[in-house]
1. Return the Cα extents of segment 133-180 along principal axes one, two and three, sorted largest first, each rounded to a whole Å.
2. Taking Cα pairs under 8 Å and at least six residues apart, what relative contact order does the chain come out at, in percent?
3. May I ask you to compute the full-extension gain from residue 35 to residue 74, defined as 0.36 nm times their residue separation minus their alpha-carbon distance, rounded to one decimal in nm?
4. How about segment 234-326: which trypsin sites (Lys or Arg not before Pro) there lie in a loop by DSSP and see at most 15 other Cβ atoms within 10 Å?
5. Roughly how tilted is helix 221-242, in degrees to the nearest 10 and between 0 and 90, from the longest Cα axis of the chain?
6. From the mean inverse distance of alpha carbon pairs (Kirkwood) and the Cα radius of gyration, derive Rg over Rh for segment 179-328.
7. Restricting to DSSP H runs of at least four residues, report the calculated mean residue ellipticity at 222 nm for the chain, -39500 (n - 2.57) per run over all residues, nearest 500 deg cm²/dmol.
8. Could you pull out the pairs from 190/222; 190/216; 222/276; 43/222 whose alpha carbons sit more than 23 Å apart here?
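Values in this text are rule-based calculations from the coordinates and carry no lab data. Here the structure is a predicted model, which means the values were calculated and not measured. Because the Cβ atoms are built from the backbone with ideal geometry, glycine has one as well, and the counts that use them run over all protein chains shown.
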Amino acid sequence: MNSRAIGIVSTGMYVPSQVVTNDDLARYLDTSDEWIQEKVGVKERRRAAAGESTSDLAVAAGLQALDKLSIMPSDLDLIVVATSSPDMIQPPTASIVQGKLGACNAAAFDVGAVCAGSVFALDVAAGLMLSHPDYRHVLVIGAETYSRILDWDDRTTCVYFGDGAGAAVLSDVPQGRGLLHSVLGTDGLKWDAITLLGGGSTYPASEDSVRNGLHKFRMRGKDIWTFATTTVPDAIERALARAALTADDLDFIIFHQANINIIRENMGRLGLPMHKTHTCMDRYANTSGASVLLALSDAIEQRKIRSGDLVALVGFGGGLSWGVSLWRWA
């Protein structure tokens, strides 16, 4: 039995300075500030500057997390970046981040699980630490610049999203703390609920794909709602059951910041009050694979999570994929 306990020992976040309000979008879209706030929970979102890439956001969030510790980028053994809006198809954005940080001793790779990306990346990173005793410090980052891939004329998608990054440093923690259990899942039969073509796809040659909008970022909102309010709470219950715990044992839960009403619905299904969760989508919108780590860092900055708390991190989205991890906070 592995004697190591792996926990999150530091977090960081970064959002670009440019603010895009609902009123800004309503100037050219058939929508309103009132509708977006009621249906989604977003008041404003951030947009990356012209020269600001996903890797730049990732580096800024990572540096903030490292600055809280007495370790340097050269002390990192591994960097895992969760993103669905990479700088390039190749090389991995994590390689660019490693170079910009000067983390010369770290291996680096990307995880592509869209809005569940941060939870997948944390689980993969913790698992690698358990199998590699020489990995002492691992940096996990979720970073997205969806402003570059959205159709800004499509009000069914562009009102939801913003740019941003969140980061976490994983290290050894006392026994009984850190990662307890996790549940990861994918329903590939519903892969087309959220789509954006990549360079290796054959879909551009299909007239149907162009007519159905597969060549641009598309999302079927009703399908996502059903998935997020049925599969996700069930996955949370399964993760808790594996740890011989129930929802009543949870001190705090951080959801992917997709939609305020999804979070309210899931908290209700779990029988938990809203003060046991944290939302920042009103300020930063849905930052996809960055949102769980960004919201976690924001909650920690507001001192909502304390040592010893049982915390659930919950991501869900394209794939359709979902991830739940339980942490005894160190």
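1. 51, 20, 13
2. In percent, rounded to a whole number, it is 27.
3. Roughly 9.3 nm would be gained on extension.
4. 303, 306
5. Rounded to the nearest ten degrees, it is 10.
6. 1.02
7. Mean residue ellipticity at 222 nm (helix-derived): -9500 deg cm²/dmol.
8. Those over the limit are 222/276.
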